[in-house]
Amino acid sequence: MSCTEYFNMDTKKGICGICPAGCWVELKLTDGKIVDISADPDHPLGMICRRGQHAPEIIYSKNRLQYPMRRVGPKGSYEFERISWDQAYDIIVENLN
């Protein structure tokens, strides 16, 4: 990382959403993209777990799902089809009811 890139970073504070713990973190962003994540030193719950440390890799992974999928084959066959968000929400509501 160049010196210019370092000084053009934005810093934001928030809650990590990678795992259910909800740790308070500080993010370094370049062009709206996370380039670094660390525990928020100004918050009593400022900590970060192993998953949280790898948040940028998880968020920007080429293998991350980008849209809802529905299984069409038997469980374990990895046969899925792409569906719309409306269809996905309808399935969730139906299963909850």
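Where the second residue is open to solvent by less than 80 Å² (accessible area, probe 1.4 Å) and among the hydrophobic types (A, V, I, L, M, F, W, C) and the first is more than 17 Å from Tyr89 (Cβ to Cβ) and part of a loop (DSSP other than H, G, I, E, B) and lies in the stretch 63-78, which pairs have Cβ atoms under 9 Å and are six or more apart or on separate chains?
That search, which allows pairs on different chains as well, returns Arg64/Ile58.
Would you check if there is a residue in the stretch 45-56 being surrounded by 10 or more Cβ atoms within 10 Å (Cβ to Cβ) and at positive phi?
Among the residues of the stretch 45-56, not one is surrounded by 10 or more Cβ atoms within 10 Å (Cβ to Cβ) and at positive phi, which makes the answer no.
So, in the stretch 2-19, how many residues would count as being farther than 10 Å from Gly52 by Cβ and either touching a Ser or Thr at 6+ places or on another chain (Cβ under 8 Å) or at pLDDT below 90 (or both)?
9
The values are calculated or read from the model by the stated rules, or taken from the named source; none is laboratory data. Owing to the predicted nature of the structure, the values given are computational and were not obtained by experimental measurement. Note that each Cβ is placed from the backbone with ideal geometry, even for glycine, and that neighbours are counted across all protein chains shown. To get the accessible areas, we keep the full protein, side chains included, count just its heavy atoms, and leave off ligands, DNA and RNA. Shrake-Rupley method; radii C 1.70, N 1.55, O 1.52, S 1.80 Å.
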